[in-house]
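One structure below.
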Amino acid sequence: MALLSLQNLTKNFGGLVAVNGVSFAVEAGSVVGLIGPNGAGKTTVFNLITGNYRPDRGEIAFAGTRLNGLRTHRIIMLGIARTFQNIRLFQQLTALENVLAGCHYRMRGGIIAAMLRLPSQQRSEQEAVERAVRELEFVGLGEQSLTVAKNLPYGDQRRLEIARALATQPRLLVLDEPAGGMNEQETEALIGLIMQIRARGITILLIEHDMRLVMRACEKLVVLEYGSKIAAGSPEQVRCDPKVIEAYLGAEEDG
């Protein structure tokens, strides 16, 4: 059953067609990789899914709800969370405070309850702290909860961003180059974390250039080139596809 469905998705920036009639589905409980050379339109697709951009044409549906035109916070509430190619943390806040920012998307207390410190608000705050601690422990950062984000090693900052996304209680986690800048040991740990996230019943869609991670973690790949889908299938099928091989030869420009 498709949790996320893209139909004929198109996005133009002036005279540049960044995404050109892209269609694919992400099945519930799966790990799907969106790959392609730099400048292929992968991050633009992510930005369309998460409400950062609006499509010029096409449809995006999540769990039966049309996402076109919805604001980012509404999409998060529906159950889609993401990380970014360039880490976006509150660098001056602690790891715990960063994850609490994700928890607050699900808090029900209003302004009056917060001002009066009503028991319901206090319970909600305590539950948020407990969830944040659990997510930090889940990604292996339990002992760094009080460390300021900017003081964490790069790989830990990547995992902190994932913990914050998980704190929004997503059904679909969208990861934009989660292994970018990681060393081999950190990437190996990330593969294990992705498998643990999937075991929680969370569907994953990711962009990644590290083909070791892609081949081991993903059961389906969608390949873009110049904004168009050129292949889709299992990692083995995609790896042997002549159009994919040709697309990756000498592809170095970003855009």
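At 0.36 nm per residue, and after removing the present C-alpha to C-alpha distance, how many nm does the segment from I245 to V17 gain when stretched out fully?
Working: separation 228, 0.36 × 228 = 82.08 nm, distance 2.27 nm.
Between I245 and V17, full extension yields an extra 79.8 nm.
For the cross-link pairs K42/K150; K42/K220; K220/K243, which exceed 19 Å when the distance is taken from alpha carbon to alpha carbon?
Values: K42/K150 28 Å; K42/K220 15 Å; K220/K243 17 Å.
Going by Cα-Cα distance, K42/K150 fall outside the 19 Å limit.
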Roughly how many nanometres apart are two label points built 7 Å out from the Cα toward the Cβ at L146 and Q196?
-> 2.3
Report the accessible area of Y248, computed with a 1.4 Å probe over the heavy atoms of all protein chains in place, in Å² rounded to the nearest 10.
-> 80
Which far-off residues, 5 or more places away or on another chain, put their amide H under 5 Å from the one on S228, with H placed in the peptide plane?
-> N20
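Ignoring GluC sites (Glu not before Pro) that are buried or in helix or strand per DSSP, and keeping those with at most 15 other beta carbon atoms within 10 Å, what is the longest stretch of the chain between them? Could you put the intermediate results ahead of the total?
Numbers: sites that count: E219, E252, E253.
Excluding the exposed sites themselves, the longest stretch runs over 1-218.
So which trypsin sites (Lys or Arg not before Pro) in the range 1-98 pass both tests, a DSSP loop state and at most 15 other Cβ atoms within 10 Å of the Cβ? Don't skip to the end; give the middle numbers.
Numbers: sites: K11, K42, R57, R66, R71, R74, R82, R88; in loops: R71, R88.
Taking the range 1-98 and a limit of 15 other Cβ atoms within 10 Å, the loop trypsin sites (Lys or Arg not before Pro) found are R71, R88.
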Efficiency by 1/(1 + (r/R0)^6): what FRET value for A63 and N38, r their Cβ-Cβ distance, R0 = 35 Å, to the nearest 0.05?
-> 0.65
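Please calculate how many Å² of accessible area the chain carries per residue, with a 1.4 Å probe and no DNA, RNA or ligand atoms counted. Each step should come with its number before you reach the end.
On the way: 12430 Å² over 255 residues.
Value for the chain: 49 Å² per residue.
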Dipole of the chain, positive direction: furthest Cα of C218, I75, V174, with charges on the beta-carbon = I75
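Give me the percent of DSSP beta bridges within the chain that run antiparallel, rounded to the nearest 5. Present the calculation step by step, with values, prior to reporting the outcome.
Values: 21 of 37 bridges.
Of the beta bridges lying entirely in the chain, close to 55 percent run antiparallel.
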With springs only between Cα atoms under 10 Å, which of A28, A199, A95 fluctuates most in a Gaussian network model of the chain?
-> A199
Pairwise FRET efficiency - E130 versus Q85, Cβ, R0 = 30 Å, nearest 0.05 | 0.45
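Percent of accessible area on the chain owned by carbon and sulfur, 1.4 Å probe?
Working: 6220 of 12430 Å².
With neighbouring chains kept in place, the figure for the chain is 50 percent.
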Compare L136, L96 by solvent-accessible area with a 1.4 Å probe and give them largest first, with all protein chains kept in place.
-> L96, L136
Once whole DSSP H runs in the chain are found, which of them have Cα atoms spread over 15 Å or more along the helix axis and a mean Kyte-Doolittle score of at least -1.0?
-> 154-166, 184-199
The set of residues whose placed amide H lies less than 5 Å from the amide H of G39, leaving out same-chain residues fewer than 5 positions away, is G255
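The values are calculated or read from the model by the stated rules, or taken from the named source; none is laboratory data. The structure displayed is predicted, hence computed values, not measured ones. Note: ideal-geometry Cβ built from the backbone for every residue, glycine included; neighbour counts use all protein chains shown. In case anyone asks, the SASA skips ligands and DNA or RNA and just uses the protein heavy atoms, side chains included. Shrake-Rupley method; radii C 1.70, N 1.55, O 1.52, S 1.80 Å.
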